[in-house]
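Read through the structure below, which is laid out as structure tokens, and then see the notes.
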Amino acid sequence: MYLTTVALGVFDPLYTAFGWIVRQLYLFLGNYGVVIILFTIILRGLMIPLGVRQQRSMYKTTSLQSEVNEIQRRYPNDKQKQSELQMELYKQHGVSPTAGCLPSILQLILIWPIFRIIQAPLTYIMNISSDNLTKIGNTLAGMTDSTGQALITANQAANAVSNNIPILNALERSPAALSRVVSEGLLRVNQLIDVDFLGINLGITPTYKPSLLFGAEKGTYLPLLIIPVIVLITTLLQMRISRLTMPNRKKRADDKAREKKNPARAGQTPEDRTESMMKSMNIFMPLFMLWTTFTLPAALGLYWTIGNLMMILQTLIIYFLYTRRMETAS
């Protein structure tokens with residue numbers, strides 16, 4: 001537990017920096033959904049140079065494949081020797097076999113502060129103190145709505161600092177609660193964040209449960225289902241385009257086809273490490289995105305969607321401006 005806390009504490013500067021950026025955008029635009037979209041575009045835009053570097057490294061790696069094949073032909077039964085010579089070859093040409101997965105890894109690192117900001121916008125965007133949020137949580141847990149239910153549960157009150165969404169939803173539902181916390185000086189009205197976007201509450205978590213999708217609150221939860229659907233579609237589309245625009249993809253496919261037709265060539269086109277790692281990421285990332293979409297507020301699904309669209313655009317730009325020209329020149 002201690003090590004986990006320390007590990008997560010490493011991201012504190014990112015929480016502060018991202019929170020400040022989102023706050024400035026929200027104060028200027030006043031629309032939470034538009035802020036999420038613009039912030040995603042800015043963040044992914046800054047990663048474009050890394051994507052260009054990734055594509056160059058992948059092209060260099062595949063261009064060295066004939067030399068890798070020769071190493072494997074010379075040392076067919078010595079995997080360690082093959083590995084040593086391949087790494088030496090890559091080093092001589094300034095190639096990193098893992099560069100193809102670096103953007104995906106960086107994306108996973110950056111998602112943690114995104115998680116925290118989306119779960120706790122009052123903490124990281126509006127800079128409301130932990131003491132005040134704790135007091136607000138206790139106050140709301142002691143108040144009831146028109147049906148006699150507590151505005152938030154005791155567990156939600158205990159986690160008020162790390163997850164502000166129940167507080168935002170409760171204050172939106174209950175003018176009396178909002179008036180009370182404002183009069184007690186725990187929060188200013190202009191510190192509230194309106195999480196509605198195009199008729200969808202980005203502070204609510206999407207669900208696949210029929211009882212919620214088709215129950216009394218279907219007007220709230222059914223429209224939210226579009227978020228995971230769009231996330232899945234854009235993720236699969238992004239992965240498909242990435243595969244189709246991989247450097248030397250056609251050449252490697254032709255080599256594999258010749259191996260199948262001619263058994264004597266078997267093993268001469270070994271598995272590309274970069275390609276293998278990308279296949280693993282292509283399985284893991286959609287599952288990870290769907291899991292987070294169904295466990296965190298819908299704002300995260302909007303972040304994933306815009307991020308996927310940005311990645312599609314980046315992939316196409318790099319392919320037409322760099323990869324295709326390099327393949328044609330060679």
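Karplus-based coupling profile of region 114-123, in residue order and whole Hz: 4, 3, 5, 5, 5, 6, 9, x, 5, 6, with θ = phi - 60° in 6.51 cos²θ - 1.76 cosθ + 1.60 and x standing for Gly or Pro.
Calculate what fraction, in whole %, of the accessible area of region 117-214 sits on carbon and sulfur atoms when a 1.4 Å probe is rolled over the protein chains. Please report the intermediate quantities before stating the final value.
On the way: 2520 of 4830 Å².
Reported share for carbon and sulfur atoms: 52 percent.
Dividing the convex hull volume of the alpha carbon atoms of region 55-152 by its residue count gives 216 Å³ per residue. Judged by the mean number of other Cβ atoms found within 10 Å, the most tightly packed of the peptides 297-306, 13-22 leads the ranking 297-306, 13-22.
Compute the FRET efficiency between VAL34 and TYR208 as 1/(1 + (r/R0)^6), taking r as their Cβ-Cβ distance and R0 = 25 Å, and round to the nearest 0.05. Show your work: numbers first, answer last.
Numbers: r = 27 Å, r/R0 = 1.10.
So the FRET efficiency works out to roughly 0.35.
When the charge dipole of region 17-150 is built from unit charges on Cβ atoms (+1 for Lys and Arg, -1 for Asp and Glu) and taken about the Cα centre, the candidate among LEU122, GLY30, LEU50 whose Cα reaches farthest toward its positive end is LEU50. When peptides 131-141, 70-80 are ranked by their average number of other Cβ atoms within 10 Å per residue, the highest-first order is 131-141, 70-80. For region 36-43, backbone phi angles converted through the Karplus equation (6.51, -1.76, 1.60; θ = phi - 60°) give residue-by-residue couplings of 4, 4, 5, 4, 5, 4, 5, 5 Hz, Gly and Pro being listed as x.
The values are calculated or read from the model by the stated rules, or taken from the named source; none is laboratory data. The model shown is predicted, which means the values in this text are computed figures rather than measured ones. All Cβ positions, even for glycine, are placed from backbone atoms using ideal geometry, and neighbour counts span all protein chains on display. SASA here: full protein model, heavy atoms, side chains in, ligands and nucleic acids out. Shrake-Rupley method; radii C 1.70, N 1.55, O 1.52, S 1.80 Å.
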